[in-house]
Amino acid sequence: MSRNNFYDSDGLFKEFTSIRENKVNFNDLVETPILFSMLPDLKNKTVLDIGCGMGQHVKAYAEMGAKSVLGIDISEKLLAIAEEKFNGKNIEYQMKSFEDLDSINEQFDVVTSSLVFDYVQDFDRLMKDISHITHVRSQIIFSMSHPIVTSYDQSIPRWTRDHDGNKLHANLYNYFIEGEKHFSWGGTEVVNYHRTISSVINSIIQSGFTILECRESLADEHLRKVYPEVFAGTIHRPDFIFFKCIKL
Ligand SMILES: C[S@@+](CC[C@H](N)C(=O)[O-])C[C@H]1O[C@@H](n2cnc3c(N)ncnc32)[C@H](O)[C@@H]1O
């Protein structure tokens with residue numbers, strides 16, 4: 001198991017798969033609808049999904065008419081689920097790190113990634129590697145945790161709450177201190193990387209991509225009303241940021 005393969009540790013694997021299986025989750029109700037609304041027409045396109053996890057998006061892209069979809073991830077356990085449940089004739093999965101994109105000898109029409117780039121230490125290099133496996137007019141559409149969220153430090157709570165525990169406002173801390181962050185999830189010590197919004201944008205620009213659209217996540221009013229304990233806080237703070245970029 002590679003050093004950063006957190007999702008194969010028993011606790012995190014159990015926690016992540018149960019969150020993804022729960023009908024009320026941020027991925028399916030907030031993140032994915034925004035990401036999918038930013039996709040170009042995938043008909044007859046070659047698609048790469050970086051950090052595909054269990055392959056739900058890979059399968060969806062194939063069903064949207066993609067010519068081929070390659071999903072890569074470093075988690076053996078998540079890929080095993082992908083192979084079993086989200087397979088198809090134009091779908092392929094490979095166990096590969098986003099640090100090894102230079103071993104891919106193909107140029108994709110569309111590259112996607114959902115909530116994976118938080119784990120990238122060298123974002124400049126990643127964007128340049130993506131540029132090498134795309135051609136002029138290829139697009140990349142990706143989401144990541146919003147920098148307002150990754151600036152979190154365990155020394156202060158994420159939220160200021162009222163006496164009943166309702167979220168009053170989000171706390172922002174050390175936004176300008178970029179770099180490695182540690183947190184515990186499912187009993188596993190996870191490492192991710194905080195970078196400011198301007199750093200993200202400048203890496204995109206320097207890799208030769210042009211930003212077509214940027215979005216920030218907000219759960220819709222219906223979700224905020226029906227599941228306030230889960231989604232009401234999204235009015236105060238975006239959890240995710242999304243970019244759609246084109247290589248010109
Ligand atoms: C939050 S999950 C998202 C999974 C999937 N995109 C989804 O939407 O369900 C983050 C994923 O990033 C993958 N990941 C983490 N580090 C990686 C690396 N170095 N290379 C490839 N995938 C990685 C994890 O194994 C995990 O599947």
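The values are calculated or read from the model by the stated rules, or taken from the named source; none is laboratory data. Predicted model only: the values in this text are computed from it and were never measured. Don't worry about glycine lacking a Cβ; one is built from the backbone with ideal geometry, like all the others, and counts go over all protein chains shown. To get the accessible areas, we keep the full protein, side chains included, count just its heavy atoms, and leave off ligands, DNA and RNA. Shrake-Rupley method; radii C 1.70, N 1.55, O 1.52, S 1.80 Å.
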(request) Give the residue from GLY88, TRP185, PHE209 lying farthest towards the positive end of the charge dipole for the chain; charges sit on Cβ (+1 for Lys and Arg, -1 for Asp and Glu) and the dipole is referred to the Cα centre. (result) PHE209
(request) Quick one: which residues, 5+ away or cross-chain, put their amide H under 5 Å from the amide H of LYS181? H built at 1.01 Å from N. (result) ASN192, TYR193, HIS194
(request) Roll a 1.4 angstrom probe over the protein heavy atoms and tell me the percent of accessible area of the stretch 102-248 that is carbon or sulfur. (result) 50
(request) Mind putting a number on the dipole of the chain about its Cα centre? Charges go on the C-beta only, +1 for Lys and Arg and -1 for Asp and Glu, and I need it in Debye to the nearest 20. (result) 540
(request) Just subtract the alpha-carbon distance of GLN107 and THR210 from 0.36 nm times their residue separation and send over the number in nm, one decimal. (result) 35.3 nm
(request) Taking 7 Å along the Cα-to-C-beta vector as the label spot, tell me the ASN171-ALA232 distance in nanometres, rounded to one decimal. (result) 2.0
(message) What whole-number distance in Å separates the alpha-carbon centres of the stretch 108-145 and the stretch 150-207?
(response) 21
(request) With a cut-off of at most 16 other beta carbons within 10 Å, and DSSP calling the residue loop, which chymotrypsin sites (Phe, Trp or Tyr not before Pro) in the stretch 149-248 qualify? Please list them. (result) TYR173, TYR175, PHE176
(message) Under 8 Å for C-alpha pairs, at least 6 residues apart: give me the relative contact order for the stretch 1-132, rounded to a whole percent.
(response) 24
(request) Anything over 25 Å Cα to Cα? Flag those among LYS96/LYS244; LYS85/LYS244; LYS85/LYS181; LYS45/LYS77; LYS59/LYS181; LYS23/LYS128, in the order listed. (result) LYS85/LYS244; LYS85/LYS181; LYS45/LYS77; LYS59/LYS181; LYS23/LYS128
(request) Starting from the Cα-Cα distance between GLN94 and ARG224, subtract it from 0.36 nm times their residue separation and give me the gain in nm to one decimal. (result) 43.1 nm
(request) Could you do me a favour and compute the accessible area per residue for the chain, 1.4 Å probe, result in Å²? (result) 50
(message) Within 11 Å, Cβ to Cβ, of ALA82, how many net charges do the neighbouring residues add up to if Lys/Arg are +1 and Asp/Glu are -1?
(response) -3
(request) Show that you can apply the helix-only estimate: for the chain, add -39,500 (n - 2.57) for every DSSP H stretch of four or more residues, divide by all residues, and state [θ] at 222 nm to the nearest 500. (result) -7500 deg cm²/dmol
(message) Quick query: amide H of LEU115 versus all other amide H atoms, modeled in the peptide plane; which residues come in under 5 Å with a sequence gap of 5 or more or a different chain?
(response) SER143, MET144
(request) Return the FRET efficiency for the residue pair ASN44, ILE19: r is the Cβ-Cβ distance, R0 is 35 Å, and the value is rounded to the nearest 0.05. (result) 0.55
